Structures are given as C-alpha cells and as structure tokens.
C-alpha cells in the first residue's frame, strides 16, 4: 500500500506473508521526487521499519523546526543535518554528541547507504536526503564507499500532508500487527 504521492513524497509498505512464518516481512520504501529508496529489492522486517517511522521521536512526527537549516540550499541543509546525527570524531572529542532530532528514514533505508531528514517551519516540512554511500568490492570483501556526487533529494510539503501520511501509516500498522 502506498501512502502519499510517490512523485513527491510517499511511503510504500507491502507485507509478503510467504517470506516468513514468525515475522512480518515485506517491502518498506520511501519515494521522494519519484525516486525509490532503497533503490534495490530488500526484505524489510516490517515491525522494525514501521516503528522507526511511527515513533514519536521520528522527525516526520515530531516536526522539529530550524529556520536556518530549512532555508539553506539543499546540499548545505543535508550536510548540516547529517553532521548533527553523525558527527565525525576528533582527537579532542572521540565520541561527539549525536542529535537525531531531524532523522526521518527507517533502518532499511539507512542500511542501503541513504539517509533522510525532515526539518520544519511554521507550515511546511522539508525532506532532504539521498543515497550517499554504496557497497563496492574491496581487497578484503565488500566495503562502503562514499558516492562522489550523490543526488540529494529535496521536497517541501505542507505539514497536514505529512500528518495524513503518518496517520494512514499508523492505521495500517494497527491492521497489520
């Protein structure tokens, strides 16, 4: 079932009962500007990915505001949000504080090398993200490598539209589980 408009922003969830007897497995994807994340076929443990998105701390529900980031150019906004959640350690600060307030994507999307964030203003939600790393064959097996020029998606939609998507997703999760 698709919640939202896949040409703008949507979440696609499909339970495939034949894939597991003990867990609900299936598909869990984000569509942003007509592009699908993850971009390949992956099996979702649906209760994990549902919880990631319908958790009250998810930015698609909490709708954190930051006017500076909301108004920044796409790449600057993404970089700022990514560095909040995944700061680089330094000699002086080996374990820097992580701020996950703006994180929107579930585990299955993050595990594919893509990250999405949501930042709000008074009436809208801006969703920014994309696939920034990929698995490649290395000397000792497969390793993660940064994508040189990643496509960073950017879509701004009204808060009430996000609210409708999340409300429908929650209702569907109640039916599914």
Quick check, is residue 54 touching a helix residue (DSSP H, G or I) at 6+ places or on another chain (Cβ under 6 Å), touching a residue at least 60 places away in the same chain (Cβ under 8 Å) and within 22 Å of residue 35 (Cα to Cα)? yes
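The rows are residues; the columns are (1) under 14 Å from residue 58 (Cα atoms); (2) at pLDDT 95 or above.
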| residue | (1), (2) |
| --- | --- |
| 115 | yes, yes |
| 123 | no, yes |
| 173 | no, no |
| 176 | no, no |
Hits in region 153-171 (condition: assigned to a helix (DSSP H, G or I) and in contact with a strand residue (DSSP E or B) (Cβ under 7 Å, 6 or more places away or on another chain)): 159, 162, 165, 168, 169
Could we say that residue 125 is touching a strand residue (DSSP E or B) at 6+ places or on another chain (Cβ under 8 Å), outside any loop (DSSP other than H, G, I, E, B) and free of Cβ contacts under 8 Å to residues at least 40 places away in the same chain here? no
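The rows are residues; the columns are (1) modelled with pLDDT under 95; (2) surrounded by fewer than 17 Cβ atoms within 10 Å (Cβ to Cβ); (3) in contact with a helix residue (DSSP H, G or I) (Cβ under 8 Å, 6 or more places away or on another chain); (4) closer than 24 Å to residue 80 by Cβ.
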| position | (1), (2), (3), (4) |
| --- | --- |
| 133 | no, yes, no, yes |
| 137 | yes, yes, no, no |
| 143 | yes, yes, no, no |
| 158 | no, yes, no, yes |
| 163 | no, yes, no, no |
| 167 | no, yes, no, no |
Every residue in region 101-122 that is under 12 Å from the mean Cα position of the chain (by Cα) and outside any strand (DSSP E or B), please. 102, 104, 105, 106, 107, 108, 109, 110, 111, 112, 113
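The values are calculated or read from the model by the stated rules, or taken from the named source; none is laboratory data. Because the structure is predicted, anything quoted here is derived from the model rather than measured. Every residue, glycine among them, receives a Cβ derived from its backbone with ideal geometry; neighbour counts consider all protein chains shown.
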